[in-house]
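Student: Starting off with a structure, shown below.
Any read-out appearing in this document is the output of simple, stated calculations on the displayed coordinates, not a laboratory observation. Predicted model only: the values in this text are computed from it and were never measured. No Cβ is skipped: glycine too gets one built from the backbone with ideal geometry, and neighbour counts run over all protein chains shown.
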């Protein structure tokens, strides 16, 4: 009987160590998950930003005060994709 109680006490002493080890690895796994998710979001957003055609448009001024005189509120935003007034830069 005393031997069984001793094993039980050893188990109770080891239990917090196991719990905290699992807890620590869970925190590490969640941190890695967040880093991977942020990387995916960055790639997705970067791909969407590369679709914006403003820099190759004839009307784009490259001036921070007025980027586009035709659509000043849509210039360099995702709303500019598919702009009806887009004109390719002419090679003058």
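Conditions (1) part of a helix (DSSP H, G or I); (2) exposed (fewer than 10 other Cβ atoms within 10 Å of the Cβ), marked per residue:
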{"residue": "5", "(1), (2)": "yes, yes"}
{"residue": "13", "(1), (2)": "yes, yes"}
{"residue": "37", "(1), (2)": "yes, no"}
{"residue": "41", "(1), (2)": "yes, no"}
{"residue": "46", "(1), (2)": "yes, yes"}
{"residue": "59", "(1), (2)": "no, no"}
{"residue": "63", "(1), (2)": "no, yes"}
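Student: Scan the stretch 79-92 for residues that are closer than 22 Å to residue 45 by Cα and loosely packed, with under 12 Cβ neighbours inside 10 Å and jot them down.
Tutor: 82
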